1. Looking only at residues that are under 10 Å from residue 269 (Cα atoms) and not polar (S, T, N, Q) in segment 325-340, which one is nearest to the chain's Cα centre (by Cα)?
2. Please state which one of 25, 6, 19, 47 is within 16 Å of residue 90 (Cα to Cα), surrounded by 12 or more Cβ atoms within 10 Å (Cβ to Cβ) and among the hydrophobic types (A, V, I, L, M, F, W, C).
3. Could you identify the single residue in 353, 343, 409 that is more than 30 Å from residue 295 (Cα to Cα) and either modelled with pLDDT of 85 or more or crowded, with 17+ Cβ neighbours inside 10 Å (or both)?
4. So is residue 333 in contact with a strand residue (DSSP E or B) (Cβ under 9 Å, 6 or more places away or on another chain) and either under 22 Å from residue 245 (Cα atoms) or loosely packed, with under 14 Cβ neighbours inside 10 Å (or both) or not?
5. State all residues of segment 249-272 that are surrounded by fewer than 19 Cβ atoms within 10 Å (Cβ to Cβ) and touching a Ser or Thr at 6+ places or on another chain (Cβ under 9 Å); if no residue qualifies, say none.
6. If I filter segment 106-127 for residues that are of a type in the set (A, V, I, L, M), assigned to a strand (DSSP E or B) and in contact with a Lys or Arg (Cβ under 8 Å, 6 or more places away or on another chain), do I get at least one hit?
7. Can you tell me which residue within segment 284-297, out of those that are under 30 Å from the mean Cα position of the chain (by Cα) and surrounded by 14 or more Cβ atoms within 10 Å (Cβ to Cβ), is nearest to residue 253 (Cα to Cα)?
8. Among 180, 231, 198, which is the only one that is farther than 30 Å from residue 288 by Cβ, out of contact with any strand residue (DSSP E or B) (no Cβ under 8 Å at 6 or more places or on another chain), surrounded by 11 or more Cβ atoms within 10 Å (Cβ to Cβ) and free of Cβ contacts under 8 Å to residues at least 24 places away in the same chain?
Amino acid sequence: MRRVKLGSILTEQRNPIGLADGNNLDLIGVSNKIGLKLSTAKRIADLSRYQKIEHGWFAYNPMRVNVGSIGYAFDDTHIGIVSPDYIVFSCSEDILPEYLLFLLKSDEGIEAINKNASGAVRKRLYFSDLAKIEVVLPDIDKQKKRLIAFNEIEDLNDSISEQLTKESLLSKLKQSILQEAIQGKLTKDWRKNNPKAESARELLGRIYTKKAQLVKDKKIKNEKALPPITEEEIPFQLPKRWAWCKLGEIIINTNNLDIQKKLNPNDIINYVDIEAIDNKTQKIKAAKQLPVRELSSRARRVLKKGQILYSLVRPYLNNLAIVNEEKENFIGSTGFVVFDCLLVRNEYVFWILLSKYIEDLYLGYMDGFNSPSITHEQFKNTVIPFPPASEQNAIIEKVEGLMKKCNSLEQEIQNSQAHAQMLMQAVLTEAFQNN
């Protein structure tokens, strides 16, 4: 293989048609998506300066070739005349036109075009500039093999585009799963098989009793009673033995720690702020290890394994996670509400908080306010669907199983994307670099 400048294998074609009517040939334009195409521009009175384009030739707009606006006349439907401002050229027998077209429209080709274009403000690529671009030129047989590889990768990319549509559908499917879960539709058969399960009302009664005992034992503070749920707050009908309740009724907030007063300035804190949350996987990516002296008064939420932390700032971004490990001096920002559920599995409330129902509810709270956040009071007063304890377990099992399948499909799509990009990069790197 040899490294050549395009000027040695391309020839500029300057062939004005010379006739005012353009010899009645079609006007041809160039699109960065489909290449050469019939132009929709109105024919002017004098087309004599327009250039003829023949089968097998290329044409491009020198001011738009840097976005891939170049075309090749594959067949007779592309024969016609193009604007006198266009650059028209043909290839020697040393390079396949289809191979050159793929190179010039690739990311590496666009980069080479931008490097060689003239002009300070508006870049233009004249033929003399195009001629300076260097490529690695294999023999024709190898060019044909590379074209096959290009086309196979393009087919793979087309397949991935379809998969990306599926990925979007998967996101909608996840929301549908959660909505059916919190409306009791996922566990309809479970209820038929377990007609005597403890009701949600009975469970709430046990929670109230447990909370009262914790207050009596001075393990938690007594809180002001939440206002009753109104008819206007109920968004949909629930199955029998379910109930509506407020988040504040079933949760216990974590303790706060004034680290500035209780710890030494040089003590290291494992600090979790909103940036530490991966809102795609709902996990803590990594706590920041910082000394007390570098942290503000916002660092005070004590974090313990199993607790839920939920960002009240921009809640629609789903910055929430279940704490999955124990750490010394594990502290979260006051931008989070951090809590445990009482006699209720945290996973059930976790899935509720990821639902479209909650997203829409909290977006409604933010209407008319500059601050994109909700208050602790609004969070505690959030009305949620509440099933019996044993049915909550069934819901968690169903949701986690379905989400696992969705996540596996998403991972397959991402792996396909990475594979296609790696293949294309390998082929194009070889085409532009003689390594």
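The values are calculated or read from the model by the stated rules, or taken from the named source; none is laboratory data. These numbers come from a predicted model, not from an experiment. Positions of Cβ are generated from backbone atoms using ideal geometry, with glycine treated the same way; all protein chains shown enter the neighbour counts.
1. Ranking the qualifying residues of segment 325-340, first place goes to 332.
2. When all the criteria are applied, what remains is 6.
3. Of the residues listed, the single one that is more than 30 Å from residue 295 (Cα to Cα) and either modelled with pLDDT of 85 or more or crowded, with 17+ Cβ neighbours inside 10 Å (or both) is 343.
4. no
5. 256, 258, 260
6. no
7. 284
8. 180 is the lone residue from the list that is farther than 30 Å from residue 288 by Cβ, out of contact with any strand residue (DSSP E or B) (no Cβ under 8 Å at 6 or more places or on another chain), surrounded by 11 or more Cβ atoms within 10 Å (Cβ to Cβ) and free of Cβ contacts under 8 Å to residues at least 24 places away in the same chain.
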